[in-house]
């Protein structure tokens with residue numbers, strides 16, 4: 001009954017905040033084509049929304065617990081990409097595929113490995129392979145076959161790989177269609193010095209193994225977003241990855257730095273998202289979940305942030321949340337200048353088993369920051385910390401109700417405590433995978 005009431009309430013909220021074009025949509029003309037895409041995206045979001053989000057977090061925690069058993073580690077071995085010993089897969093997502101010698105022949109196994117709210121994401125699992133061999137991006141209206149832009153706009157599902165290492169400088173934002181996997185394993189693929197990646201009004205996308213850095217805003221213009229449609233786009237913001245009105249998206253093992261706006265945005269009715277195993281450095285606004293304090297359509301937003309390393313040169317928003325439900329679990333926060341996790345508009349934030357190392361600045365020891373609300377308002381927001389490791393004076397200001405205990409003991413196994421984080425995030429960021437060798 002309680003689940004049904006939640007779902008009814010969600011549908012009511014969704015009807016009050018229909019998915020309509022906003023100032024951040026970058027769609028020059030919201031024509032019939034974009035209206036239909038928005039309506040399909042809204043329907044997909046409703047289907048992907050979980051009325052019992054704590055059940056999803058419990059399932060995630062159970063998988064971590066099973067992998068680690070009773071072992072522990074407090075070793076400060078961060079990002080040892082030069083590791084030369086036997087293959088080590090230190091968290092349940094990586095354990096699913098990394099230490100298989102034939103990973104390059106069975107790339108699509110990756111689609112079975114996602115956990116968290118994006119757990120149903122399969123990307124291009126049902127499609128053919130598409131090999132990108134040309135790094136150019138000269139014609140955004142008629143992309144050249146063999147380029148990444150030509151691959152991502154195709155109608156059919158595709159599993160996109162790269163023939164060799166390359167740097168791709170995008171002349172305009174890269175519009176990714178539904179049912180695509182961008183799989184950079186086995187090559188050093190950099191998206192840099194141009195526009196970023198846009199996932200707008202689509203579903204079922206995996207991005208794995210890209211290095212995304214030095215992204216800049218672009219003036220817009222006519223851009224092809226599918227094989228049978230192009231339209232006018234306004235100026236892009238300079239985000240590394242922008243997820244807009246989209247569902248079932250998994251971002252895994254990316255390394256990101258220095259984007260003109262945010263590294264990753266999840267906004268405007270997006271849900272069923274997992275962001276895992278990433279390495280983020282040298283940036284101000286790292287992650288933004290929910291772009292507006294007035295767009296209550298983001299109440300359905302559900303995001304898992306797991307096994308990431310938030311590293312050198314970061315300032316704030318890891319993430320910053322509006323509305324929605326965000327599970328921040330087993331991440332390593334070694335640097336921030338202002339705060340780590342923030343938000344407004346009553347988001348639910350569950351922080352479990354993270355390590356927070358506060359900066360030397362005495363004014364920045366607090367992990368959390370609540371905007372545009374006084375304590376008498378935000379005291380009811382559910383921001384809970386469980387098993388987090390607080391170091392160098394870090395502290396998390398909790399609020400709202402404790403986590404529900406309506407599930408059985410098997411489901412309510414807690415996330416591993418923050419002392420396990422160095423192990424769980426040891427190989428965050430892009431990996432040096434080579435065919436015929438364990439990754």
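Between residue 397 and residue 47, what is the FRET efficiency for a Förster distance of 41 Å, r being their Cβ-Cβ separation, to the nearest 0.05?
0.70
Could you tell me, in Å, what Rg and Dmax come out for the Cα atoms of the chain?
Taking only Cα atoms of the chain, I get Rg and Dmax of 20.4, 59 Å.
In what sequence do 334, 57, 271 fall when counting other Cβ within 10 Å, fewest first?
334, 57, 271
Can you give the three extents of the C-alpha atoms in the range 300-375 along their principal axes, from longest to shortest, in whole Å?
That works out to 35, 30, 18 Å along the principal axes.
Work the Kirkwood hydrodynamic radius out for the range 91-212: mean of 1/r over every pair of different alpha-carbon atoms, inverted, in Å.
About 14.7 Å, per the Kirkwood formula over Cα pairs.
For the range 2-424, what is the percent of antiparallel DSSP beta bridges, rounded to the nearest 5?
10
For a protection proxy built on the mean count of beta-carbon atoms within 10 angstrom, sort 176-185, 344-353 highest first, please.
Per-residue mean Cβ counts within 10 Å order the peptides as 176-185, 344-353.
Taking other Cβ within 10 Å of each residue's Cβ, how do 258, 322 sort, fewest first?
Sorted ascending by nearby Cβ count, the order is 258, 322.
Using 0.36 nm per residue of separation minus the Cα-Cα distance, give me the extension gain between residue 156 and residue 101 in nm, one decimal.
Computed gain between residue 156 and residue 101 is 16.9 nm.
Consider all pairwise Cα distances in the range 85-149 and report the whole-number % of them above 18 Å.
Details: 1158 of 2080 pairs.
Of all Cα-Cα distances in the range 85-149, 56 percent exceed 18 Å.
When you count, for each residue, the other Cβ atoms within 10 Å and take the mean per peptide, how do 47-54, 277-284, 29-36 rank with the highest first?
277-284, 47-54, 29-36
Highest GNM mean-square fluctuation, the chain, Cα pairs closer than 10 Å: which of 118, 186, 196?
Result: 186 has the largest fluctuation of those listed.
How high is the FRET efficiency from residue 222 to residue 131, r the C-beta distance, R0 25 Å, rounded to 0.05?
For R0 = 25 Å, the calculated efficiency reads 0.35.
Coordinate-derived values only; no laboratory data. The shown structure was predicted, so the numbers you read here are calculated from the model rather than taken from an experiment. Every residue, glycine as well, gets a Cβ built from its backbone with ideal geometry; the counts of neighbours run over all protein chains shown.
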